[in-house]
Amino acid sequence: MHEYPQRPRPDGRPSYEDQPARGGHGYQDQRDRPDRPAYPEFPDRPAYPEFPDRPEYSGFPGRPAYPEYPGHPAPGPAPEPPVPPAPKRSRRAIWISAVVALALLLGGGGFAAWKLEWFSGNGEAVSFGKNTPAPAQEKKASGAPAPTPAKPSGDPDVLMPSGPKSDFKQTAKLDDGTIIAKTRVTGAKSGFEGDVWVWAPKEYDDPKYAKSGFPVLIALPGGNGFPANYWSDRSLGLQKAISDGVKAGTSLPFVVIMPVLNPDNKYYYDGADIPGQPKMGTWIAEDVPDFAKANFRTYKSRDGWAYMGSSSGAFVGMKTVLQHPDKFKAVIASGGEIVPDSPLWKGHQAEMDANNPEKLAQKLIDGKGPEVHINFQVGTKESGKDKMLAFQQKYGKGPVKTTIRDIQNGEHNGWHYVRGMKEGSLEWISKVLKAPQPAPAG
């Protein structure tokens, strides 16, 4: 049994602490940076959320470190006599001022404007589906019935938003104007309350898709997966990879749902209902999809539902698809683990077996379906492929369809897993799931 809260590596090494220090995002948690907590004043943000893909802003030695930032006086002669303090500004205003000054130093006003676009609207209310017909039960403020909502397209599989609508706040904006937003969700079935981030592609607000459902991709992080989900950070490029794939015809326009994975930083809960613990299996498999159905145009059938995840999130995604093949059809499992290993399973062997992908796969094989699709991703510079091959050879038959994608020079991090998705895994899962249907021309 491994000592926790450290999670064992797939190759059997004791923990991720033995890895050299690296940047925060995409690696499974802050154990890569034991000397640097992840923004204590912003506990729901991973390290360096502002400029994670621009190393010149990281403040490392030899690079500019916000010399003009308020509260950091420049070296020089003794300060002048004190003057009355200026009115306090908000933290957001201070950050924006610092960014403007540094951007002007590095390249002029155009560059500054481009950078500030990343922050424009952060914290403000967001609504998705501007062209989505209102649910039939909603009424005007006057008390009069709302206009008769447009019906879904002729596809009986389309599920219009059921409500109630969640309150979303913007956390990031992509270059194409699409928004990543966050809300707080209380699971009606699990009783667990946690943060969920969402992103919808540009096609979602296109009037010609107003009556169509969209496929949903539930993205799960690795490591603790609490209090943030690192797939909500635009620097990893997940959302941009989908948008670029839509333009290239290699990806469906997925709605991406990004929940927290665990209820705390102390243990790993294996995305399962471990007796005596928060019901994280119900949260992931039922409450999160119900939230998506309440707020987005989706599909009733499993043909519109899939997971993706890395490391421990890959395990949870694969386990959930195998456990609920009537609800979910596919998973992209990157650098994943194969069997449950939470220390909280002690004394609950039967329940642990019910959450073991190997046993779940065999149950599907014995029952002859339904068919599920598992796409493993693994970097050529990380270990764990042997376990994927062993799973494929023993259980990748009958209704359990498995593929393994090698990511050349790939390591155990989110950036490289997104690259693998762009190189083929997005196209793979797009062929498995159902595409939105535009309204007929004319």
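Selection of the range 191-219 for residues being of a type in the set (Ser, Thr, Tyr) and either assigned to a strand (DSSP E or B) or open to solvent by 20 Å² or more (accessible area, probe 1.4 Å) (or both) yields only 209.
Report the residue count in the range 202-221 for those that are among the hydroxyl-bearing types (Ser, Thr, Tyr) and touching a helix residue (DSSP H, G or I) at 6+ places or on another chain (Cβ under 6 Å). Looking only at that region, the number is 1. Within the range 247-258, the set of residues being free of Cβ contacts under 8 Å to residues at least 12 places away in the same chain and either open to solvent by less than 10 Å² (accessible area, probe 1.4 Å) or assigned to a loop (DSSP other than H, G, I, E, B) (or both) comprises just one member, 249.
All conditions but one from (1) open to solvent by 40 Å² or more (accessible area, probe 1.4 Å); (2) of a type in the set (Val, Ile, Thr); (3) out of contact with any helix residue (DSSP H, G or I) (no Cβ under 8 Å at 6 or more places or on another chain) apply to residue 403; the one that does not is (3). Residues in the range 192-214 that are in contact with a strand residue (DSSP E or B) (Cβ under 7 Å, 6 or more places away or on another chain) and either without any contact (Cβ under 8 Å) to a residue 12 or more places away in the chain or not charged (D, E, K, R) (or both): 193, 194, 196, 197, 198, 199, 200, 204, 212, 213, 214. Residue 271 satisfies every condition listed in (1) at pLDDT 95 or above; (2) of a type outside the set (Val, Ile, Thr); (3) open to solvent by 10 Å² or more (accessible area, probe 1.4 Å) except (3). For residue 261, the criteria (1) out of contact with any helix residue (DSSP H, G or I) (no Cβ under 7 Å at 6 or more places or on another chain); (2) surrounded by 21 or more Cβ atoms within 10 Å (Cβ to Cβ) hold in every case but one, which is (1). Taking every residue in the range 165-186 that is open to solvent by 50 Å² or more (accessible area, probe 1.4 Å) and pairing it with any residue that is polar (S, T, N, Q) and assigned to a strand (DSSP E or B), at least 6 positions away or on another chain, the pairs with Cβ-Cβ distances below 6 Å are 167/183. Residue 276 passes every criterion in (1) in a loop (DSSP other than H, G, I, E, B); (2) in contact with a Gly (Cβ under 7 Å, 6 or more places away or on another chain); (3) open to solvent by 10 Å² or more (accessible area, probe 1.4 Å) apart from (2). Listed by first and then second residue, the pairs linking a residue in the range 227-239 that is within 22 Å of residue 203 (Cβ to Cβ) to a residue that is at pLDDT 95 or above and part of a loop (DSSP other than H, G, I, E, B), with Cβ atoms under 7 Å apart and 6 or more places separating them unless they lie on different chains, are 231/221; 234/174; 239/174; 239/178.
The values are calculated or read from the model by the stated rules, or taken from the named source; none is laboratory data. Keep in mind it's a predicted model, so treat the numbers as computed, not measured. Counting neighbours? That spans all protein chains shown, and the Cβs are built from the backbone with ideal geometry, glycine included. We work out accessible area using only protein heavy atoms, side chains counted, and drop any ligands, DNA or RNA first. Shrake-Rupley method; radii C 1.70, N 1.55, O 1.52, S 1.80 Å.
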